[in-house]
Amino acid sequence: MADDVLRLEGITKSYNIGMPSEVEVLHGIDLELKTGEFVALIGPSGSGKSTLLNIIGLLDRPTHGRVYIEGHDTSTLNEDQITHLRGHSIGFVFQYHHLIAAFTALENVMMPMLADKIFLSEAIEHRAKDLIHRVGLDHVAHNFAMNMSGGQQQRVAIARALAMQPRLVLADEPTGNLDTQSADSVFELMREVNRESRTTFMIVTHNMELAKRCDRIIEVIDGRLHH
Amino acid sequence: MNRLLPFDWIVAIRFLREGLFQTLFIIGGIALGVGVIVFMSALLSGMQANFIKRVLTSQPHIQLITLNQVSRPLRFDAGQIEDPVIEQPTQRVTSVDQWPKIITRMRNLPEVIAVSPNVSGSALVVRGDASRAVTMTGIDPETYFKIVRLPDYIVSGEARVTSQDVLIGTELASDLGVKVGDKINLQAGTGATLTLTISAIFDLGSKGTNQRNIYVALRIAQSLLGMIGGVTNIDLSVKDIYAAETLAQEIQASNLVEADSWIKTNAQFFTAIQAQTFANTLIRLTVGLSVAFGIAAVLIVSVIQRSKNIGILRAMGTSRGQIMRVFLIQGGLLGLFGALLGMIMGGGGVIYWHANWRMANGSEMFPLVLEPRMFFITALLATVTGLLAATAPALRAAKLDPVEAING
């Protein structure tokens, strides 16, 4: 059990509850992710992938069922505790990288640590520089987002997702917006991080080539899982 | 990044810097508003202070006079009136009853600064063939000058009031063709006459007063008017000039005198000042509100523009409280910097106006009053306004659902 980074039990998600337009998009999902797993989450558009990812990422709450992150039952936590757990245990990489334009690459990586520790410190700067170095972006560390390529920005986003040393990184189509070469190198970067630090990755992708290079493929079809 | 600033301040300042044009425009808007408020306040309070000073140093704040004499119907017995026709009596000039006691009582009132007994009555000033009817006021200079600052209005001579001296106004002096050191003859209604030396000529700012008022020593007036040991009125100056009417009513209620405050005797002037103050407050309030709406509008737009940023910050573990503070701080900073710039503009405007606009006679239009306290309060108020204006956008930002925010 301690080996589980994530466990879902009977997750359902409905929208417009109590109204004639009520619709259930996830129908009782059970899932476990173990430490160090590298999992692809695939499925057609509208199948409920994003909803599931948001529930796993604690950005959304399930209608029924329980989400355990590192053994914590998140249904018992309040808003602040959820935010804290999300900040410390989960890293996010989005399709459109979403760097904060007002900050440089290095500063974007510092952000999660700064939000947690409030004041900037030597340790935070040091870790951010290490991460920027790790993703091979020393030369653009002080560039703003608009002065970086898509692939570079996505690498910064990965570095930022790793800042708090989360045990789980959720990536929503991280390569969906990149050319083949950049996509490949971004994927490889995540794979390397996964191998080195045993960080669990769950990657939503439409790219079957990439999915096949993952440890496990989970397919969502009509709100149900197909392993 | 600054190590001394906490996370929310760093983000707030960066957001302001990133939208630099937006930030500069709204700071310009706030500065204009604050500038107008500072300029108007300084101008109006300076002018008002000037008016009030002129009015209230040339007359008592409260004047106590004898009650009017009234006639009562003649009665036979209880309930039986012999003659129902009552004629109003003529008002003889009489002394305030038990005035030394009233003076002692007035001096003991904490609201009263100075008390001065006077005798006032009509007299004729004669010099050669010219004669003028005047109101002669007998004063005790030591106490009277604390209430009416005659020495401040002397245009020639010195404000000396011994039993040989008389102070006259500029108009009367020119009517009689006299100057300081000349002698004039005074004739009272009682028939008594006396020759006095002009020790000073004053200008109280009003032609009528300068023509019709003369000042002599208290004892001289008492003897000329046949009121040895009596006084016709007691003048007071008080600490809070705007409370003069209330105090006058209290004094009247507890003493056998009629008490008239400057507010009552200058009702029109007082109403004008009140109207001006009201208009000023209304303008300040309106400008303040439009500044607040400006800040709120800019921040609401900023929240919409940055909703993706907010979503990402929330996803990476930033709390609702931190997001809220990011926008509150922006509001506060906009208010503060707008106010600082506005104070420079408004203050500069007042200084320029003061230096370049003069009264017809070349004297300054109003005293230049730029109190540090007013600047401090303005800065504080603008910051608080900024914070309040930012509340709605900040709440909106804090309540954003991260999923919706990220997906736009």
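The values are calculated or read from the model by the stated rules, or taken from the named source; none is laboratory data. Here the structure is a predicted model, which is why all the values come from computation and not from measurement. Here the Cβ is made from the backbone with ideal geometry for all residues, glycine too, and neighbour counts use every protein chain on show. These area figures cover heavy atoms from the full protein model, side chains too; ligands, DNA and RNA do not enter into them. Shrake-Rupley method; radii C 1.70, N 1.55, O 1.52, S 1.80 Å.
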Inset, instruction - Report, in debye and to the nearest 20, how large the dipole of region A:4-226 comes out about its Cα centre when Lys and Arg carry +1 and Asp and Glu carry -1 on their Cβ. - result: 200 debye
Inset, instruction - Give the relative contact order (percent, whole number) for chain B; include only Cα pairs under 8 Å separated by 6+ residues. - result: 25 percent
Legend entry - Buried on assembly, region B:7-30 (at least 40 Å² less accessible surface than by itself, 1.4 Å probe): B:Phe7, B:Arg14, B:Glu18
Inset, instruction - Could you let me know the centre-to-centre spacing of region B:246-286 and region A:37-90, using Cα atoms, in angstrom? - result: 70 Å
Legend entry - Pairwise burial B:A, computed as accessible area of each alone minus the pair, summed, 1.4 Å, Å²: 2500 Å²
Inset, instruction - Taking a cut-off of 23 Å between Cα atoms, list the lysines near A:Lys13, but don't count ones fewer than 8 places away on the same chain. - result: A:Lys49, B:Lys399
Inset, instruction - Work out the P(r) tail for region B:305-365: percent of alpha carbon pairs separated by more than 16 Å, whole number. - result: 65 percent
Legend entry - Acute angle (nearest 10 degrees) that the helix A:150-162 long axis makes with the longest principal axis of chain A, alpha-carbon atoms: 70 degrees
Legend entry - Interchain or long-range residues, amide H under 5 Å from A:Arg216's placed H: A:Phe38, A:Ala40
Inset, instruction - Could you let me know the centre-to-centre spacing of region B:11-86 and region A:106-146, using Cα atoms, in angstrom? - result: 60 Å
Legend entry - Nearest-0.05 FRET efficiency for B:Thr391 and A:Arg216, computed from C-beta distance (R0 30 Å): 0.05
Legend entry - Kyte-Doolittle mean at least 0.0 and Cα axial length at least 24 Å: DSSP H helices in chain B: B:20-56, B:267-305, B:320-356, B:372-399
Inset, instruction - Using the Karplus curve 6.51 cos²θ - 1.76 cosθ + 1.60 with θ = phi - 60°, work out ³J(HN,Hα) for each residue of region B:68-77 in order, rounded to whole Hz, and write x for Gly and Pro. - result: 5, 7, 10, 9, 10, x, 7, 10, 6, 9
Legend entry - Per residue, in Å², the accessible surface of region A:4-226 once ligands and nucleic acids are set aside, probe 1.4 Å: 42 Å²
Inset, instruction - Indicate, rounded to the nearest 5 percent, the antiparallel portion of the DSSP beta bridges found entirely in the protein assembly as shown. - result: 70 percent
Inset, instruction - On the protein heavy atoms, probe 1.4 angstrom, tell me the percent of accessible surface of the protein assembly as shown carried by carbon and sulfur. - result: 57 percent
Legend entry - Given 12 as the ceiling on other Cβ atoms within 10 Å, longest exposed-site-free region of chain B for GluC sites (Glu not before Pro) in DSSP loops: B:159-408
Inset, instruction - Evaluate the charge dipole of the protein assembly as shown about its Cα centre and quote only its size in Debye, nearest 20, assuming +1 on the Cβ of each Lys and Arg and -1 on the Cβ of each Asp and Glu. - result: 1080 debye
Inset, instruction - Could you size up the charge dipole of region B:66-196 around its Cα centre, putting +1 on the beta carbon of Lys and Arg and -1 on that of Asp and Glu, and report it in debye to the nearest 20? - result: 300 debye
Legend entry - Probe 1.4 Å, protein heavy atoms only - accessible area per residue of chain B in square angstrom: 51 Å²
Inset, instruction - State the three equivalent ellipsoid semi-axes of region B:152-260, derived from the C-alpha gyration tensor as the square roots of 5 times its eigenvalues, in descending order and whole Å. - result: 29, 19, 11
Inset, instruction - Find how many whole Å separate the alpha carbon centroid of region B:126-166 from the alpha carbon centroid of region B:289-352. - result: 62 Å
Inset, instruction - Would you mind estimating how fast region A:4-226 diffuses translationally, via Stokes-Einstein at 4 °C and 1.567 mPa s with the Kirkwood radius over Cα pairs, in µm²/s? - result: 72 µm²/s
